[in-house]
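Enquirer: Starting off with a structure, shown below.
Values in this text are rule-based calculations from the coordinates and carry no lab data. Quick caveat: nothing in here was measured; it's all calculated off a predicted structure. Here Cβ is always computed from backbone atoms with ideal geometry, including for glycine, and neighbour counts include all displayed protein chains.
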Amino acid sequence: AQKVTQAQTEISVVEKEDVTLDCVYETRDTTYYLFWYKQPPSGELVFLIRRNSFDEQNEISGRYSWNFQKSTSSFNFTITASQVVDSAVYFCALSEAASGTYKYIFGTGTRLKVLA
Amino acid sequence: NAGVTQTPKFRVLKTGQSMTLLCAQDMNHEYMYWYRQDPGMGLRLIHYSVGEGTTAKGEVPDGYNVSRLKKQNFLLGLESAAPSQTSVYFCASKNRLNTEAFFGQGTRLTVV
């Protein structure tokens, strides 16, 4: 069965610290997609990244980077030199291609608090 | 380009009342979804649609009904609201390719 686990419920860091948000997934499909979304205090869901199961190349976008490892079924998200504006709830999600519905299975989210 | 628009943004219902949440997308997306977000539980899928005229149950469908009579609209109905349906509801849409989903701004529903 498909499942996404974000074991870190809440993380607090001081501004400028690096922080890694963990995401572990379970799926039987060979073709799937992983996503990260940010939910700031205003409540909307902001898309951050999409990665398909055939592309294990890590990605960096400014202060954000993602580490995808199929061997450990993980898709971790690192924020370098965190800022107060990074304070939000972050969701990892899985979408399997086989069903044809492309629905998301979300993790329970990690609340990140960046303290000034 | 408005993207995904949810109506209303806030609503308070009394137990037993009914209401309909409207989701409208202007991106010609085939797939549409309704999720609910509760503290500590992430987002859970209520119902979804893979095209106009089709709907299917998700993870937590009980107490809800949906309709997709027009491609751009996906309606979520509560026939007899219960306090357990107090939640934030998100609508999302995406196209046939497995790209990211676009989410509405959410509807905060309180059932008293």
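Enquirer: Could you identify which residue out of B:T86, B:T99, B:T20 has the top mean-square fluctuation in a GNM of chain B using Cα springs shorter than 10 Å?
Expert: B:T99
Enquirer: In square nanometres, what is one fourth of the surface area of the convex hull spanned by the alpha carbons of the stretch A:1-66?
Expert: Numbers: hull surface 23.0 nm².
Across all orientations, the stretch A:1-66 yields a mean hull projection of 5.8 nm².
Enquirer: Could you tally up the Lys pairs in the stretch B:8-85 with alpha carbons closer than 23 Å? Skip any pair fewer than 8 positions apart unless they're on separate chains. Don't skip to the answer; put the middle values down first.
Expert: Values: B:K9/B:K70; B:K9/B:K71; B:K57/B:K70; B:K57/B:K71.
Within the stretch B:8-85, the lysine pair count is 4.
Enquirer: Could you please state, rounded to a whole Å, how far the C-alpha centre of the stretch B:44-87 is from the C-alpha centre of the stretch A:1-36?
Expert: 27
Enquirer: Still on this model: For chain B, set up a GNM with springs between Cα atoms under 10 Å and report which of B:K57, B:K14, B:K94 has the largest fluctuation.
Expert: Looking only at B:K57, B:K14, B:K94, the largest GNM fluctuation is found for B:K14.
Enquirer: Counting other Cβ atoms within 10 Å of each Cβ, which trypsin sites (Lys or Arg not before Pro) in the stretch A:1-62 have at most 15 and sit in a DSSP loop? Can you show the working numbers first?
Expert: Numbers: sites: A:K3, A:K16, A:R28, A:K38, A:R50, A:R51; in loops: A:K16, A:R28.
Answer in residue order: A:K16, A:R28.
Enquirer: Setting aside same-chain residues fewer than 8 positions from A:K16, which lysines have a Cα under 26 Å from its Cα?
Expert: Answer for A:K16, where 26 Å is the Cα cut-off: A:K38, A:K113, listed by chain and number.
Enquirer: Once Rh for the stretch A:22-105 is found with the Kirkwood sum over Cα pairs, what is the Stokes-Einstein diffusion coefficient at 25 °C and 0.890 mPa s, in µm²/s?
Expert: Working: Rh = 13.6 Å.
Diffusion coefficient, whole number: 181 µm²/s.
Enquirer: Which length gain, in nm to one decimal place, applies between A:T20 and A:Q83 when the Cα-Cα distance is subtracted from 0.36 nm times their residue separation? Mind showing how you got there, number by number?
Expert: On the way: separation 63, 0.36 × 63 = 22.68 nm, distance 1.36 nm.
Length gained between A:T20 and A:Q83: 21.3 nm.
Enquirer: Let's test this: bin the Cα-Cα distances of the stretch B:1-59 at 10 Å from zero up to the farthest pair and state each bin's percent.
Expert: Histogramming the stretch B:1-59 at 10 Å steps yields 17, 45, 34, 4 percent.
Enquirer: Can you compute the equivalent ellipsoid semi-axes for chain B, i.e. the square root of 5 times each eigenvalue of the Cα gyration tensor, sorted largest first and rounded to whole Å? List each step's numbers first, then the result.
Expert: On the way: eigenvalues 101, 37, 35 Å².
Semi-axes (√(5λ), whole Å): 22, 14, 13.
Enquirer: Which value in Å is the Kirkwood Rh of the protein assembly as shown over different Cα pairs? Intermediate values should be presented prior to the final figure.
Expert: Numbers: mean 1/r = 0.0550 Å⁻¹.
Mean inverse Cα-Cα distance, inverted, gives 18.2 Å.
Enquirer: Other chains near A:35-44: what is the mean number of their Cβ atoms within 10 Å of each residue's Cβ?
Expert: 3
Enquirer: Just want to confirm a number: the relative contact order over chain B, from Cα pairs under 8 angstrom separated by 6+ residues, in percent. Walk me through the numbers before you get to the answer.
Expert: Values: 295 pairs, mean separation 39.9, N = 112.
Across chain B, relative contact order equals 36 percent.
Enquirer: Using mean Cβ contacts within 10 Å as the protection proxy, how do B:38-46, A:56-64, A:105-113, A:90-98 order, highest first?
Expert: A:90-98, A:105-113, B:38-46, A:56-64
Enquirer: In whole Å and largest first, what semi-axes does the C-alpha gyration tensor of the stretch B:28-85 yield when each eigenvalue is scaled by 5 and square-rooted?
Expert: Details: eigenvalues 89, 35, 14 Å².
Equivalent ellipsoid semi-axes, largest first: 21, 13, 8 Å.
Enquirer: Would you mind ranking B:F74, B:F102, A:F35 by Cβ crowding within 10 Å, fewest neighbours first? Before the final figure, lay out each step's value.
Expert: Working: B:F74 31, B:F102 17, A:F35 22.
Exposure proxy ranking, most exposed first: B:F102, A:F35, B:F74.
Enquirer: I would also like to ask the following. For peptide B:105-112, what's the mean number of Cβ atoms from other chains within 10 Å of each residue's Cβ?
Expert: Working: counts 4, 5, 0, 1, 0, 0, 0, 0.
The shielding value for this peptide is 1.
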